[in-house]
Each structure stands twice: as structure tokens, then as C-alpha cells.
Amino acid sequence: MDTELQRMAGEHQLSAVQEAYAFIDARIRSGVYGAGQRLVADDIAAELSMSRMPVREAFRRLASDGVIMLRANRGAIVSSLGEQDIREVFEMRAVLEGLAAGVAATRMTPSQMRDLERLLDRMEEANLEHQTWVTRHRAFHEYLTDLAGMPRVSRQIAVLHTVIEPYMRDWVSREVNSMQSRNCHEHIMVALRHGDRATTEQVLRSHVLSTIPPFAGSLIREV
């Protein structure tokens, strides 16, 4: 009986950690928690109506992802990225998303292709609000890479998206042409329809890397 109670308590703790992790992750992605902001475990725990222990464990997981930093006497701080950091994130995304997309190209079903086409259509709807576009853009990329059936790779890609997403939201809101990406994504769709792994991997890599010059340039002008 004691063992069963311990197991149940452990599952509850895990669920609380997952809830805290998802909550903090979403707020960092959306920019509610900005770069350099200090996160207070007690405040977040109170908002979620839980103890601070799951929040602190969520902090440790987010720190291992590189999303926040844990510093002595300062606690948890939302990570901030410089130009070189942003280039590195995009270069890592290019490699990992290219790998996953290439594998996905060899195993996609017609139904999954239709789902991906619908995600692209939703991303390219006329008069779409900027922040919604960023959310749908991420959904398109993550759905595609998840089709590879490589959960560890998908996990790393999701972390990279989270790290860069606040900057992406700011960029899209300021740059007039940042949402005009139908042709860029259509190249990916064409490669996927042919089912060629090497071509799809190269197209996806080029697509991600092509974002670096305008994105980094915008960051430099802001600074």
C-alpha cells in the first residue's frame, strides 16, 4: 500500500512539473516573460495553485534546454540571445529539421500530406494577424518534422523553436515582408511530394538558413 501511495504521489508530482514547464514555456514563447526577466518560483507557483517544488524542477528542465539560466543569488533568468546565438540556433534548426524532413518525405501518407497542405493554407490566409502567423508557422514546421518518427530530434527542434520564438514574433511584427513565404514553403511541399529524402533535406536546410540574413540584420538595426 505504501508503495502504491508513493507511486501515485510521484505521478502527481510529475504532472505538476509538466504543468509548470508548459506554463513557463508558453509564456516565454509568447514574450510575456521577456529576455533577461527574473522568474520567481513562489509567484509562478501561486498563480498555478501548486507548491514551488514543481516550479523549481521545471526551472531545471528549462535551464537544461537553454531557455532560462539559473544563477546563484538571482534565481531563474530568461535567456537572451545575441546575433551569434541567433545564427547558431538557425544553423542547428537547419540541420535537425532537414534531417527530419528528409526522413518524413520517405514515409508520408497522402492523408498526412493533405494535413500539411492545410497547415500551409492556414498559415498563408489573407489578412492573418502577425502573432497568429508565427504560431501557425511553428505548427507547420513541427508537424512536418514529427512525421519523421524521431522523438529525440523533434524534442530538440521544439526547444530551438522556443528559444527563437520571442525574437521571431518581434521580427514579424516589424518587418513588412517577413510573412510573404508561400513560395519558400511551396518548394518544401514539392520536394515532399516527390518523396526524395536528399532533395527534401537540402530544400528544408536552405529554407531555414535563408532566414538568417534578414533576421540577424533586423536584430543588428534594433541594437
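The values are calculated or read from the model by the stated rules, or taken from the named source; none is laboratory data. Computed from a prediction, not measured in an experiment: that's the story for all the values here. Cβ placement follows ideal geometry from the backbone for every residue including glycine, while neighbour counts extend to all protein chains displayed. Quick note on the areas: whole protein, heavy atoms, side chains included, nothing else; ligands and nucleic acids left out. Shrake-Rupley method; radii C 1.70, N 1.55, O 1.52, S 1.80 Å.
Structure summary
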read-out	value
Number of the exception - Arg169 against (1) over 25 Å from Val103 (Cβ atoms); (2) at pLDDT 80 or above; (3) surrounded by fewer than 19 Cβ atoms within 10 Å (Cβ to Cβ); (4) out of contact with any His (no Cβ under 9 Å at 6 or more places or on another chain)	(4)
Close pairs (8 angstrom Cβ cut-off, 6 or more residues apart or separate chains): closer than 19 Å to Val95 by Cβ and in a helix (DSSP H, G or I) in region 156-176, open to solvent by less than 10 Å² (accessible area, probe 1.4 Å) and not hydrophobic (A, V, I, L, M, F, W, C) anywhere	Ile157/Arg93; Ile157/Glu97; Ile157/His141; Ile157/Thr145; Leu160/Arg93; His161/Arg93; His161/His141; Ile164/Arg93
Whichever residue in region 45-91 is of a type in the set (S, T, N, Q) and either outside any loop (DSSP other than H, G, I, E, B) or open to solvent by 90 Å² or more (accessible area, probe 1.4 Å) (or both) and, among such residues, is nearest to Ala216 (Cα to Cα)	Gln84
For Ser111: the one exception among (1) among the small types (Gly, Ala, Ser); (2) part of a helix (DSSP H, G or I); (3) buried (at least 17 other Cβ atoms within 10 Å of the Cβ)	(3)
